[in-house]
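Each remark here refers to the structure printed beneath this line.
The values are calculated or read from the model by the stated rules, or taken from the named source; none is laboratory data. Worth saying up front: this structure is predicted, and the values here are computed from it rather than measured. FYI the Cβ positions are ideal-geometry reconstructions off the backbone, even for glycines, and counts take in every protein chain you see. For accessibility, only protein heavy atoms count, side chains too; no ligands or nucleic acids. Shrake-Rupley method; radii C 1.70, N 1.55, O 1.52, S 1.80 Å.
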Amino acid sequence: MGESVNLSVEALKGRVETIFRKAGLSQDHASTLAAVIVAGERDGCKSHGVYRIEGCLRTVKAGKVVPDVKPVLRDDGSAVVRVEAGGGYSCAGFELGAPVLAERAKKLGIAALVINDCTHFSALWPEVERLAALGVAAIAMCPSYATVAPSGGKEPLLGTNPFAFGWPRVDPAQPYVFDFATSVAARGEIELYRREGRQLPEGWAVDSEGRPTTDPEAALAGAMLPFGGHKGSAISTMIELLAGTMIGDFTSSEALDFLGTTTLAPRHGELIIAMSPQRFAAGRPGDPFARAEVLLEAIAGQGARLPSQRRFAARKRTLSEGITLTAAEAAQLDRLEALGLD
Ligand code: NDP
Ligand code: PYC
């Protein structure tokens, strides 16, 4: 086995982008995918970092994503802005729709971006963070593919359905952001345990017979569990309804039927709702952003950590010291660069 390597954020992004270009992705898709994957490595979010590259390439090779489609913006001036991704990766669609969404939320107080027919594998925090930088609060959510049993059940039906929230702060580099799977942990996290040969913590999953398991292989073949029992199960169901059926797109169960496997990136839609705090608080006492600072500082003042603080610290470190890839990750990158889509 070789050695770990250290790369600047820009150098890693360039290499990942090249891999995607060689695999037939258009420049737009290659660069937006590379950006989100490298942001994961930069911020210490490895469940959606470089290990995802192979899955993206497998999805291209299987013909389950259109690698060079141009997303189309459908905007009738209303509060619902739509991007038709045309079976392409979601990230380019988000880039197209985000500025329109923020502008519309500021104008109307609230607006939604619907992304339809997209292949989606990425973390959601880059999206709510981007919207916070544009001055709006936002929630983002999407189904996935059916891998999670509803609370009280034991068959995979719900997705790991991520849910993210962003709120602009006085320091624009550190918005209040959280982003989590509605399963106990993301499926990508279980895959990392499998690769490292480690046992899972208890309570994450059941095997294909419905028995609790800490074996990652058995968990991936069985069903993952929602976080917080019936509460996570209900939030996950809400995401199926709002970001699946309501926007006329696949639920997690339909996404799995379409794909026939969990080894490729899932196709479905995404829903992002943006709000202008100034518009909601208009005519009421106090500035909503200043009042938010009081609350957030009081939380931190108790010694509790705010979500994303770990990420922001990792970002600060990697931007100055570079990103360290393990020997296995570095070898994977070399191999993918040499092979293209083989
Ligand atoms: P985690 O449980 O690791 O973390 C979720 C959130 O909680 C983060 O915002 C994290 O902040 C915060 N957090 C963690 N620990 C603490 C703590 N002690 N105090 C305060 N905040 C804390 O994430 P998951 O495994 O649930 O999800 C990981 C990623 O997977 C997400 O980015 C999600 O979008 C992605 N995902 C994507 C899917 C898709 O279909 N596209 C499906 C499922 C998940 P911090 O980052 O600073 O630690
Ligand atoms: O980690 O659960 C996950 C996941 C599913 C699709 C993309 N990420």
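Remarks
- With R₀ fixed at 45 Å, the C-beta to C-beta distance from F280 to A338 puts the FRET efficiency at about 0.30.
- Filtered GluC sites (Glu not before Pro), region 1-75: DSSP coil and at most 13 other beta carbons within 10 Å: E3
- Using the Cα coordinates of region 256-314, the gyration tensor eigenvalues translate into equivalent-ellipsoid semi-axes of 37, 22, 8 Å, sorted from longest to shortest.
- Model label points for V80 and D287, set 7 angstrom from Cα along the Cα-to-Cβ axis, are 3.6 nm apart.
- Entry comment: accessible area of the chain is 44 Å² per residue, from protein heavy atoms only and a probe of 1.4 Å.
- Accessible area of region 1-97 belonging to carbon and sulfur atoms, whole % at 1.4 Å probe: 51 percent
- Contact order normalised by residue count of the chain, Cα under 8 Å, 6+ apart, percent: 23 percent
- Inter-centroid distance (Cα atoms) of region 142-179 relative to region 219-292, Å: 6 Å
- Here is the tail figure for region 106-145: Cα pairs spaced more than 15 Å apart come to 48 percent of all pairs.
- Most positive-pole-ward Cα, V128, P143, F280, against dipole of the chain from beta carbon charges: F280
- Point-charge dipole on Cβ atoms (K/R +1, D/E -1) for the chain, about Cα centre, debye to 20: 620 debye
- The Cα-based radius of gyration and maximum Cα-Cα distance (Dmax) for region 226-342 are 21.6, 61 Å.
- Region 1-134: Cα Rg divided by the 2.2 N^0.38 Å rule of thumb: 1.12
- Difference of contour (0.36 nm per residue) and Cα-Cα distance, E54 to R195: 49.4 nm
- Cα-projected label distance for L108 with A11, points at 7 Å along beta-carbon direction, nm: 4.7 nm
- Between H230 and A133, the modelled labels are 4.2 nm apart [label points 7 Å from Cα along Cα→Cβ].
- Taking each residue as 0.36 nm, the span from E155 to R211 lengthens on full extension beyond its C-alpha to C-alpha distance by 19.0 nm.
- The chain: calculated mean residue ellipticity at 222 nm from DSSP helix runs of at least 4, using -39500 (n - 2.57): -13000 deg cm²/dmol
- Members of K70/K107; K22/K64; K13/K61; K22/K70; K46/K231; K64/K106 lying beyond 29 Å, as alpha-carbon distances in this model show: K64/K106
- On full extension, the segment bounded by T326 and A314 gains 2.7 nm, given 0.36 nm per residue less the C-alpha separation.
- Dividing the C-alpha radius of gyration of the chain by 2.2 N^0.38 Å, with N its residue count, gives 0.98.
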